[in-house]
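Each remark here refers to the structure printed beneath this line.
The values are calculated or read from the model by the stated rules, or taken from the named source; none is laboratory data. What you are looking at is a predicted structure, and each value in this text was computed from that prediction instead of being measured. Here the Cβ positions follow ideal geometry from the backbone for every residue, glycine too, while neighbour counts run over all protein chains shown. In case anyone asks, the SASA skips ligands and DNA or RNA and just uses the protein heavy atoms, side chains included. Shrake-Rupley method; radii C 1.70, N 1.55, O 1.52, S 1.80 Å.
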Amino acid sequence: VDRLADPLLSGVYGGEAASLSVRAVLPRFAEMERTHGSLGRAMLATRKKMSVGPRQPAPPLFTSLKNGMQHLADTAVSRLTPSSLLTDAPVQALQREAGSWVVSAGLQSDQFDSVIVALPAPAAAQVLRMASPEMSSELAAIQYSSSITIGLGYDSDVRRSLPPGFGFLVPRREGKRLLAATFVHNKFPHRAPDDRALLRCFFAGRNAEDVWQLTDGQIIGIVRNELQQILGLRAEPLFGRVYKWKSAMAQYGVGHLDRLQRMELLRQQLPGLALAGNAYRGIGVPDCVRSGRDAAAQLSKP
């Protein structure tokens, strides 16, 4: 747990393994343990089954969009009619009135047959407070952690000196503030020229809060010091960038799936409402895409 599970979950969720729900964050592992009695036996059974089946070419371990993740949003927007878009109009409240939903955004209010709330849980709690105090309360109880990512660029000498692989995770027992680092030039080669190294370093949860008030230069200094301890990397970076994301990563604490069941019962009492986003059943981009599709399917049912 200390050297494998906690570092992996910290890198994905920005939380600590001890406070996360195994059924919510690792449902397949929970099912494997339930059906086989232990993860070890489950792994052996899976390996045996794979050895007798047809060999399939392994897909890439990591995938991304060549032009960056913003390309996904830009492409979606480009396929919508301009009249269907209303930007820079923060929604203050949603209310159910006379069989429809009234969306209040500043001085403007519009009526809709149905609404998909695709917001972080705390923001969703605010806009649904008048429509359903109970749903709002459940949403507000979903905790979030903050994260900080630091990008460092280096020359070809550093690129050649780095170990092979996509990066590393740091167990908490090592006493470092850095949780993980990615060798971006290996993970996604198109993100850096062939003669450059690009490292992305990661703070999250309490580690991020501990350094949140520091300047960018101080945070980069901490990262460089710990990279020296871990990798022996002493070179001056060609550049450094710090990106802070406050309360950005949903935490699926113990009891999360029970909360989702209660929320679904409440949602069924609010016709024409669906929820989508990373606060419910997965925080990755594919999870969010599936969440959006499921929300649209819910509202398209007769």
Can you find a residue in the stretch 170-187 that is open to solvent by 20 Å² or more (accessible area, probe 1.4 Å) and aromatic (Phe, Trp, Tyr)? no
key: Arg23 vs. criteria surrounded by 11 or more Cβ atoms within 10 Å (Cβ to Cβ) and assigned to a helix (DSSP H, G or I)   = yes
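May I ask you to verify whether Ser132 is closer than 30 Å to Glu226 by Cβ and hydroxyl-bearing (Ser, Thr, Tyr)?
Working: closer than 30 Å to Glu226 by Cβ: no; hydroxyl-bearing (Ser, Thr, Tyr): yes.
For Ser132, the condition - closer than 30 Å to Glu226 by Cβ and hydroxyl-bearing (Ser, Thr, Tyr) - is not met.
I'd like the full set of residues that are without any contact (Cβ under 8 Å) to a residue 60 or more places away in the chain, within 29 Å of Leu9 (Cβ to Cβ) and surrounded by 18 or more Cβ atoms within 10 Å (Cβ to Cβ), limited to the stretch 129-169.
Keep residues of the stretch 129-169 that are without any contact (Cβ under 8 Å) to a residue 60 or more places away in the chain, which gives 129-130, 133, 136-137, 140, 156, 159-160, 164-165, 167.
If we keep only those that are within 29 Å of Leu9 (Cβ to Cβ) as well, we get 136-137, 140, 164-165, 167.
Within the stretch 129-169, Ser136, Gly167 meet the criteria.
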All-but-one check, Thr87 against (1) loosely packed, with under 10 Cβ neighbours inside 10 Å; (2) modelled with pLDDT of 95 or more, failing number (2)
Considering the stretch 98-128, residues that are open to solvent by 80 Å² or more (accessible area, probe 1.4 Å) and farther than 24 Å from Trp245 by Cβ, and then whichever is modelled with the lowest pLDDT, we arrive at Leu107
With the first residue restricted to the stretch 232-245 and required to be of a type in the set (Lys, Arg), and the second required to be in a strand (DSSP E or B), Cβ contacts under 6 Å at 6 or more apart or on different chains are Arg241/Gly151; Lys244/Ile148
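Kindly indicate which of Leu44, Leu65, Leu9 is of a type in the set (A, V, I, L, M) and open to solvent by 60 Å² or more (accessible area, probe 1.4 Å).
On the way: Leu65 fails: open to solvent by 60 Å² or more (accessible area, probe 1.4 Å); Leu9 fails: open to solvent by 60 Å² or more (accessible area, probe 1.4 Å).
Going through Leu44, Leu65, Leu9 in turn, just one is of a type in the set (A, V, I, L, M) and open to solvent by 60 Å² or more (accessible area, probe 1.4 Å): Leu44.
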Exactly one of Leu265, Leu257, Leu227 is in a helix (DSSP H, G or I), under 21 Å from Ser145 (Cβ atoms) and of a type in the set (A, V, I, L, M), and that residue is Leu257
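Somewhere in the stretch 212-219, is a residue open to solvent by 30 Å² or more (accessible area, probe 1.4 Å), in contact with a Lys or Arg (Cβ under 9 Å, 6 or more places away or on another chain), farther than 30 Å from Val117 by Cα and in a helix (DSSP H, G or I)?
Yes, that holds for at least one residue.
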